Each structure stands twice: as structure tokens, then as C-alpha cells.
Amino acid sequence: MSDQGIQGRAARGIVERIIIQGALVLETPANLGNGDADALTDMPLLLDEVSEKPLLTGTSIAGALRAYQRELEHGYSGRERPHDRARQLFGEVRGNESVQSWVLVNDALGVTPGIEVRDGVTLDPATRTAVDKKKYDYELLQAGTTFDVSLELLLPEGESGKTLLQSLAWALQGFEKGEIGLGLRKHRGLGQCKVTAWRVRHYVLTTPAGLLAWLENDPSSEKTGAAICDLLGVNAAMLDQRARFTLKAEFGLASSLLIRSGGGVDDPDMVQLQSLRGRKPVPILSGTSLAGAVRARALRIANTMLGEPTAKKLMDDMFGKAKTSSAEQPTGSRVLTRETEVVGNLDLVQSRVKIDRFTGGAYPQALFSEQPLWGGPKSKVTVELELRDPKPAEIGLLLLVLKDLWTGDLPLGGESGVGRGRLAGREATLAHVTPQQTREWILTQGEGDTLNFSQGKPEELEAFVEAFLARKEDQQ
């Protein structure tokens, strides 16, 4: 027999097996699609053929963990390199040789409170109007859907086993912290999930008792807890090379808000978008609506201050570029938006009629009703943004957009022409996180037009805006 044949059957030297399980709960709806083009909706869900339950494939889980581990090691824009932690843990291909993964990830079936269908439409970022023939709909697993995820880590002896254990613990912290999204449109707030309860079984295969315990799936060694690093005996302080700018701001609803959704038979013609939270439908600010408004206003500001060519390049770098020709490659957005609940509002129906602008009279059979959200003293709209691998000028542009949101100049949702979607800023927390340091600013609305800073200096934020304006000088 050749040396190559002997090497192909060489033992991996596995001395330990660790089985890790956890209850993964969707915090926002998710689309785990099946790619079926002949379904009733444009983007249907993937269901198990036998039980017809939602299916989260092991490849999706492994891919999400691998991507998160790569980001920790090299940042958001970094690529995997030989002998990286991600490659050591999840395997790789070296020429004609395939190196197996040390992690075995199982498919997971979900228990869901229900399925919701949303409508989507492609908007022209310049005019904020719908593009012709670009309407679609998609199915979503409702928030609260739970998957019982299970994976098994194989450990060799020596220092390599300790490194693999550490790498997996750090990757699983992404689920623990809610920093890993699953499914479609993760950058627009869908598929946010979290694991709050872990179960770990540790089997040492070098002893007869340990080997028998693994073969019989003995649960006597099981440990439970909320912190995966504590259960695995790993230091939770992880290597993190990510850089990001985050923004979380609370607004009052100064007027009314209407993000349209398809209602039921007995509903008004236009109703505010709602989603299930804890078995109760609640009004939401969707990540897609927020991203569309932010991109449109950022484009307007950049066009005004920098000119159209520079503005277009800046928008493509920040918000992603669509494929318009066979020679171009699409790019993903570095701006992430979150889906948040709108609370403390009034839900009233308003009847309206279409008016003929020439005669001043009502159009026949053009009476319609709407059910927007009406603001009040206790109304609250939360806006959450994240910019990955930020440059100072890009942070400055987002700060100018925040200013327009804060003062009510940038409305959200539909029918902004009749005064809907105006917000009033209350407080905001901004953070610039790099591998070297974290800077944070906390500001609140004071009396009149003043802003109060309880943390950070306004001059530091002004420097970001000046960096954006400096790009105009670079073009001259």
C-alpha cells in the first residue's frame, strides 16, 4: 500500500468530545429561505419535509460561526489566511487535500408561534419612489421561534486542542451576545437571535468510563449556564479586531407614523406595519424603512456638499452597490439597521378622500381609510445603526443624518408630504469601537435647541463632521 493511502486513513488522535446544546431564540423575524421559485411567495421558508417544522441547517450555523470567528481575528473586511483559527476549527482545502472540520453541527428544527408575510418594494434612492415592477413578498418566522441547536467538538491532545476549544467558545459568544444574524437581510434587522441557556457534556475518551459514557450519551456530566466560556473553562476576553461606529437614539413621535403593510379583510386600506412579539402584534420600525430613509438623506447631503460623482462612490462604499452589468460585482452594505418596536402610541383610524386638484372637488369612489400611529407624551421610537470599518468622513455623514432625524427634518415611513413620520430627539448613545480603544458619547435634548453631553465632548463629534466636509476641499 502506498504512503498516500496510509496517510489518507491516518487517525486524527481524538481524545475528547464535547457536546454543546443551546436554545436559540429569534429576537426579530427571520427568513430562512428554501430557494423555491415556484412557491406562493417570492421568498418562501425552508421547512422539514417530514415534520413540516422550520429547518435551520447545520451548514447555516457553521457558516455563521466561521464568519464571526474570521471577523474577530481580522476585522469585518479581512479575509481568512493559512493557519487562521477559523480554518483550524472549521477545516479548509489545501490544494488537492481537504482538511476536515473539528466541529460537527447538526440541523435544528424550530418551534414557531407563527409565520408572517411582508411586502417589499425597491425604492429609487434619489426620488424615494417605488421602482416599476420591483414589488415582492417574503415569508418570515415570527420572533420567538426557538431552535434547539446542537454541535460536537472533537479535540486532539496537546496545545492544538486547547486552541480549538478557545476558538469555538469565542465564536459561540456571538450567539450569546446576539451579534450573529441568520437568514435573509441580516443587515436590515432580520434574523437577530440569541442563546441564553447552554448545556455542555464533556467526555474524555482516553478512559474506558469516558468512552462508554460517550457511546451511551450519558447525561451525568452535563453542565448548564448562560456563559459558554465558563462552562468550557475558557477566558471570555477574546481577540477582537473589529472596528465599528454604533448609534442608538430615542425619539418621540412628533406627528404620526405610517409604514404600510398588507392588512386583513376588515382592516383599513392602509395600516401600520406590525410584527409578533411575545404572542402579541406590536407596531415596529423596520430596518428596511430606516435604511432607505437614511441612505436617501445621506445621498442628498453628499450630493450637495461633495458633488454627484464623489457622493455616488461614497454611497456605494457605505450602503453597498447593486449589480448593474455583467462586469460589475455587487457589494454588501457596511451600514446595519435594527428592527425596533414603537411604543406608547395611539392607534386610531383616519378617513381621507382624494381631491381633484383642478376642480377642488372629491374624486368619486376615492374615499379611503388609514390606521397610522399617533404620537403622544409617552411615545418612543428607537433608531439603531451600526457602521462597520468606519472612516471619519463616513461617521461625520451619519452624524449629519442624525441631526436631521433629531430636528424632525428627516421623516420616516410613508406620506411624509402630509406631515407623517416626524420625530423629536430625546437622547442618544454613540460609540466608536476599535481594537485599541472605545470612545462613547451620551447626549440628551436640553431646553430649547441645546444638547447636553453627560459623556464625551461635542468637539470630538465635530471633528468627524469636519472630516466629511474636508472631502469637498480635496475635490477642489
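The values are calculated or read from the model by the stated rules, or taken from the named source; none is laboratory data. Since the structure is predicted, the reported quantities are computational estimates derived from the model, not experimental observations. Here Cβ is always computed from backbone atoms with ideal geometry, including for glycine, and neighbour counts include all displayed protein chains.
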| task | Could you please give the count of residues in the range 379-422 that are closer than 27 Å to residue 269 by Cα, in a loop (DSSP other than H, G, I, E, B) and either of a type in the set (Lys, Arg) or not assigned by TED's automatic domain parsing to the domain that holds residue 273 (or both)? | result | 2
| request: Pull up the range 104-119, narrow it to residues that are in a strand (DSSP E or B) and out of contact with any Asp or Glu (no Cβ under 7 Å at 6 or more places or on another chain), then point me to the one that is nearest to residue 270 (Cα to Cα). | output: 116
| task | Specify the residue that is surrounded by the fewest Cβ atoms within 10 Å (Cβ to Cβ); the eligible residues are those in the range 369-419 that are of a type in the set (D, E, K, R) and at positive phi. | result | 389
| said: Considering only the range 244-255, I want to know if a residue exists there that is under 30 Å from residue 151 (Cβ atoms) and touching a Pro at 6+ places or on another chain (Cβ under 9 Å). | reply: yes
| query | For the range 74-94, does any single residue satisfy the condition of being among the aromatic types (Phe, Trp, Tyr), under 28 Å from residue 201 (Cβ atoms) and either assigned to a helix (DSSP H, G or I) or assigned by TED's automatic domain parsing to the domain that holds residue 273 (or both)? | reply | yes
| message | For the range 190-229, which positions are in a loop (DSSP other than H, G, I, E, B) and closer than 30 Å to residue 286 by Cβ? | response | 190, 191, 226
| request: Report yes if residue 455 is out of contact with any Gly (no Cβ under 6 Å at 6 or more places or on another chain) and without any contact (Cβ under 8 Å) to a residue 12 or more places away in the chain, otherwise no. | output: no
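This table checks each residue for (1) hydrophobic (A, V, I, L, M, F, W, C); (2) within 30 Å of residue 164 (Cα to Cα); (3) without any contact (Cβ under 8 Å) to a residue 60 or more places away in the chain; (4) surrounded by fewer than 20 Cβ atoms within 10 Å (Cβ to Cβ).
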site: 241; (1), (2), (3), (4): no, yes, no, yes
site: 250; (1), (2), (3), (4): no, no, no, yes
site: 260; (1), (2), (3), (4): no, no, no, yes
site: 273; (1), (2), (3), (4): yes, no, no, no
site: 289; (1), (2), (3), (4): no, no, no, no
site: 298; (1), (2), (3), (4): yes, no, no, no
site: 309; (1), (2), (3), (4): no, no, yes, yes
site: 321; (1), (2), (3), (4): no, no, yes, yes
site: 341; (1), (2), (3), (4): no, no, no, yes
| Residue satisfying all of: in the range 147-165; over 27 Å from residue 181 (Cα atoms) and among the acidic types (Asp, Glu); modelled with the highest pLDDT among these | 157
| query | If we keep just the residues of the range 137-165 that are touching a helix residue (DSSP H, G or I) at 6+ places or on another chain (Cβ under 8 Å) and not in a strand (DSSP E or B), which is farthest from residue 232 (Cα to Cα)? | reply | 160
| said: Would you confirm, using the coordinates I've provided, whether residue 235 is surrounded by fewer than 20 Cβ atoms within 10 Å (Cβ to Cβ) and in contact with a helix residue (DSSP H, G or I) (Cβ under 6 Å, 6 or more places away or on another chain)? | reply: no
